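The structure appears below as structure tokens.
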Amino acid sequence: MIYTVTLNPAVDYVISLDRLSAGQINRTQTEAVVFGGKGINVSLMLKALHTESTALGFVAGFTGEAIRAGVEAQGVYTEFIDLPSGFTRINVKIHAEEETEINGNGPDIPQAQLDAFLARLEQLGQGDTLVVSGSVPRTLPKNIYAQIASRTEGKGVRLIVDAAGALLQSVLPYHPFLVKPNRQELAALFGASAETDADVLHLAARLQEMGAQHVLVSMAGDGALLLTADGAVWKAPAAKGQIVNSVGAGDSMVGGFLAALEHGGSLAEALALGTAAGGATAFSVGIADHDKVMALHETVKKEVQKL
Ligand SMILES: Nc1ncnc2c1ncn2[C@@H]1O[C@H](COP(=O)(O)OP(=O)(O)OP(=O)(O)O)[C@@H](O)[C@H]1O
Ligand SMILES: [Mg+2]
């Protein structure tokens, strides 16, 4: 089973209006509710690609109930842990002349619930995949990624990490199966340039020296580079299309990559499906659907090349 972790999910309240006037009563033109969180996004893309997964993490209150029900209604299994107080945050995304976001902090996570979560991870074993992505709520210990990674080490669990900075660095000693920084995250981690493919591959190799197995570097409109554990380099140019909203492109790429592996595909095939999935989401309002991914995959799979 593939498990995704969303430590601090959110109900996104996405509204649009012509003008936002501070200090006034404003009326929305459109409004939508989206269940947000990077791990949940990965699960939704996996589902779109006919691949089962279970979403893990913490929820609280009426918004937490809504997330659980909403994610399950979209065909993803959930094993969220209920928190005793507070409510899962609501993030307000305002599309007006400018884009304005107001993001909540999220509920407190007491030690008992954190322990229950970590104990659940200890049940994972051979054949399981664990995807850990995104930022850490301020109520959790800073070393939570390392704590998660240590629970799965040496058990045949494939650990996938999509995170930046110290979070990414902290899991490398546990030899994650795959890490997926984007170009900016890679450059920032080493305080170095990641402009050219040679720069990117040099820094990706440093991640391997620090413990990562495969390194997938996403480069938005420039596609992606994959440095495999055995030193092979694969490149995928980005899918072509009209950009709508690139939020979730990275999560979709991880979902597409894992869906291909789960169905017996090679790493190069995983790169192709991941690139198609990331592009499809960049060209969609939310996480892309199956047909949009597969349409782009037709072209992308012919363009993936070994460098
Ligand atoms: N404008 C685009 N055109 C085509 N493909 C895109 C575009 N943006 C993203 N993608 C595809 O999605 C993949 C992941 O995108 P990106 O590098 O922006 O990830 P990210 O910065 O981690 O995104 P996220 O906001 O989800 O964290 C890219 O490697 C590419 O294949
Ligand atoms: Mg990202």
Worksheet item: the stretch 1-97: D in µm²/s via Stokes-Einstein (Kirkwood Rh, Cα pairs, 10 °C, 1.306 mPa s)?
Response: 110 µm²/s
Worksheet item: How big is the stretch 199-305 in terms of Cα radius of gyration and Dmax, in angstroms?
Response: 13.1, 39
Item to complete: Between the alpha-carbon centers of the stretch 141-205 and the stretch 5-45, tell me the distance in whole angstrom.
Response: 28 Å
Worksheet item: Ignoring ligands, DNA and RNA, what percent of the 1.4 Å accessible area of the chain is carbon and sulfur?
Response: 52 percent
Practice prompt. Would you mind calculating the gained length between V33 and D197 on full extension (0.36 nm times residue separation, minus the Cα-Cα distance), in nm to one decimal?
Written response: 55.2 nm
Response to the item:
At the level of C-alpha centres, the distance separating the stretch 68-85 and the stretch 119-134, in angstrom, is 17 Å
Item to complete: Give me the compactness ratio for the stretch 170-262, meaning the Cα radius of gyration over 2.2 N^0.38 Å.
Response: 1.06
Worksheet item: K306: which lysines have alpha carbons under 18 Å from its alpha carbon, excluding same-chain residues fewer than 8 sequence positions away?
Response: K235
Worksheet item: So what's the convex hull volume per residue for the Cα atoms of the stretch 78-231, in Å³?
Response: 148 Å³
Worksheet item: In the chain, what percentage of the DSSP-assigned beta bridges are antiparallel, given to the nearest 5?
Response: 40 percent
Practice prompt. Please calculate the 1.4 Å probe accessible area of K93, with all protein chains present, and give it to the nearest 10 Å².
Written response: 40 Å²
Worksheet item: Using 0.36 nm per residue, how much length does the chain from Q169 to A119 gain when fully extended, once their Cα-Cα distance is taken away?
Response: 15.7 nm
Practice prompt. Report Rg(Cα)/(2.2 N^0.38 Å) for the chain, keeping two decimals.
Written response: 0.98
Discussion item. I need the semi-axes of the equivalent ellipsoid of the stretch 3-58: take the C-alpha gyration tensor, multiply each eigenvalue by 5, square-root it, list largest first in whole angstrom.
Written reply: 32, 13, 6
Worksheet item: Where the eigenvalues come from the Cα gyration tensor of the stretch 243-296, what are the semi-axes √(5λ) of the equivalent ellipsoid, largest first, in whole Å?
Response: 19, 10, 8
Item to complete: Whole number in Å², please: accessible area per residue of the chain, 1.4 Å probe, ligands, DNA and RNA not counted.
Response: 45 Å²
Fill in: Estimated distance in nm for a label pair at N26 and Y77, the labels positioned 7 Å out from Cα along Cα-to-Cβ
4.2 nm
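The values are calculated or read from the model by the stated rules, or taken from the named source; none is laboratory data. Please read all numbers here as calculations on a predicted model, not as lab measurements. Here Cβ is always computed from backbone atoms with ideal geometry, including for glycine, and neighbour counts include all displayed protein chains. All accessible areas refer to the heavy atoms of the entire protein, side chains included, with ligands and DNA or RNA removed. Shrake-Rupley method; radii C 1.70, N 1.55, O 1.52, S 1.80 Å.
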